[in-house]
Structures are given as C-alpha cells and as structure tokens.
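Below: one structure in structure tokens.
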Amino acid sequence: MKWRNTRSRWGIVSVGLHWLMALAVIGLFAVGLYMVDLGYMDPLRNVLPDWHRSIGLLLGAALVLRLLWRFVSPPPAPVPEHTRMEHLSAHAVHWLMYGLMLAMVVSGYLISSADGREVAVFDWFSVPALTGNVQGMEDLAGDWHRWLGWTLVILAGLHGLAALKHHFWDRDDTLRRMLCMKLRQSRSPDRQ
C-alpha cells in the first residue's frame, strides 16, 4: 500500500487518519455519555473529563492534518459503479462530518475554557483560553456540543451503513478501498 492516495484507492495516511478519527469520535461520544452521569464521589469524575478534553483537542489536530492531507494527496476517483447522486451525496456527507467535527472541537474548547483557564492536553501542553471568563458560555456551548455530538454520530452511523450497503449489496470496491483489501475489478495501474 502506498502512502499517498492513488486514482483508485486511499493511501495509508488517509486510511490511518480515517480509522483513528472514527475510533476517537465513537470513543469520545461513549465517554461523553457516560461521564455526564458520574456521581460526585466517583473516582472517574476527575479522570474522564481530562481524557475527553485531551483526546478531543488531539482529534481537532488530526482533523486539520486530514484536511491538509486532502490537498497534498487528493482523494481517489469515485468508484465507477456509483451514480452521480451517490458521488455528490458522499462528497457532501464527508464535508458535513468534517464541519461537525470542527464544531465539536470548538464547542468542547469553549466549555473547557469558559472560566478563563487554559485547557491541558494530557499534561503535555496547554491550549490558552481565548475568550476570558464569559458568563453562560459553558452552558450554551454544552448544549451545542451535545446536539452536534448526536448529529455527528448518527451521520457517521449512516456513513458506515452506506459503506456496508456498497460492500454487500452493490458488491463494489467502496469499503475495500478503505480497508486496504484487494480490489475486486481489475484496474489500470495507479498513477503516481
């Protein structure tokens, strides 16, 4: 497998970022749901929010890297069997998920920095608070964060179901290209 994307498939950098970010989104969503109900005396009450914030900010950095990588190594051509509507839908959903992830990172940052304190990332470094102490920002950003999270996870679930539909129903190479599997159809040699 090549590092960069080719005309027919995703490269190892794109595949790695895709699956790393998918795991982070699912994990952050699950931890977020779990930690809102933690009791005051629960030992995870102080640990999980720090992990959630740290991984969320690292997800934001991975998102920036992924978007930059799209310009350095453009995505492969659409699968030939896809209709124009499928191609446009996939393109729109990808950009909508990027936007939702960005909005999630920003709203999470606003929750964490609402009191004017910097946000620590695993005690490796800190991201300064840019807004100062803003009354009510934590609650407003929290509401946005919750609804954006649900929207992102539902959309990602539909994205996953669409990939499975292409793999099992349409029997095309959509999922195979993202799983580093051998493509079904014979293809012309990839161009560099």
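The values are calculated or read from the model by the stated rules, or taken from the named source; none is laboratory data. Owing to the predicted nature of the structure, the values given are computational and were not obtained by experimental measurement. Counting neighbours? That spans all protein chains shown, and the Cβs are built from the backbone with ideal geometry, glycine included. These accessible areas exclude ligands, DNA and RNA; they are computed on the full protein's heavy atoms, side chains included. Shrake-Rupley method; radii C 1.70, N 1.55, O 1.52, S 1.80 Å.
Note down the relative contact order for the chain as a percent, whole number, built from C-alpha pairs under 8 angstrom at least six residues apart.
25
Hey, can you rank 66-72, 52-58, 98-104 by average C-beta count inside 10 Å, highest first?
Ranked from most to least packed, the peptides come out as 52-58, 98-104, 66-72.
Turning to a different aspect of this structure: Rounded if a/c is under 1.5, else prolate if a/b is larger than b/c, else oblate: which is segment 40-81, with a ≥ b ≥ c the root eigenvalues of its Cα gyration tensor?
Verdict is oblate for segment 40-81.
Tell me, what ³J(HN,Hα) does each residue in segment 68-76 have, in order and in whole Hz, if you take phi through Karplus 6.51 cos²θ - 1.76 cosθ + 1.60 with θ = phi - 60° and put x for Gly and Pro?
4, 4, 4, 7, 6, 10, x, x, x
Of the heavy-atom accessible surface of the chain (probe 1.4 angstrom), what whole percent is carbon and sulfur?
Whole-percent figure for carbon plus sulfur exposure: 68.
State the extension gain, in nm to one decimal, for the chain segment bounded by V72 and W150, taking 0.36 nm per residue of separation less the distance between their alpha-carbons.
Contour length minus Cα-Cα distance gives 25.0 nm.
Another question, if that's okay. Please list 3J(HN,Hα) in residue order for segment 9-17, calculated via the Karplus relation 6.51 cos²θ - 1.76 cosθ + 1.60 where θ = phi - 60°; whole Hz, with x for glycine and proline.
Going residue by residue, I get 7, 7, x, 5, 5, 5, 5, x, 5 Hz, with x marking Gly and Pro.
For Y40, Y109, write out the residues from largest to smallest accessible area, computed with a 1.4 angstrom probe and no ligands counted. Present the calculation step by step, with values, prior to reporting the outcome.
Working: Y40 180, Y109 30 Å².
Listed by decreasing accessible area, they come as Y40, Y109.
Note down the net charge around L17, summing +1 for each Lys or Arg and -1 for each Asp or Glu among other residues with Cβ under 13 Å from its Cβ.
+3
Based on the alpha-carbon gyration tensor of segment 12-178 and its eigenvalue square roots a ≥ b ≥ c, which shape applies: rounded if a/c is under 1.5, prolate if not and a/b is larger than b/c, or oblate?
It comes out prolate by the Cα gyration axes.
For a quick check: with amide H placed at 1.01 Å from N, whose amide H comes under 5 Å from A120's, ignoring anything fewer than 5 positions away on the same chain?
V127
Hey, what do the phi angles of segment 112-117 turn into as Karplus ³J(HN,Hα) couplings, whole Hz, using 6.51/-1.76/1.60 and θ = phi - 60°, x for Gly and Pro?
6, 9, 4, 8, x, 8
Add -39500 (n - 2.57) for each DSSP H run of 4 or more in the chain, then divide by its residues: what number comes out at 222 nm, to the nearest 500 deg cm²/dmol?
-20000 deg cm²/dmol
Which value in nm describes the separation of the simple spin-label points at L33 and L65, placed 7 Å from the Cα toward the beta carbon?
Output for this residue pair reads 2.8 nm.
Name the long-range amide H neighbours of R7: under 5 Å, sequence gap of 5 or more, or other chain; modelled H, no Pro or chain starts.
Amide H neighbours of R7: R191.
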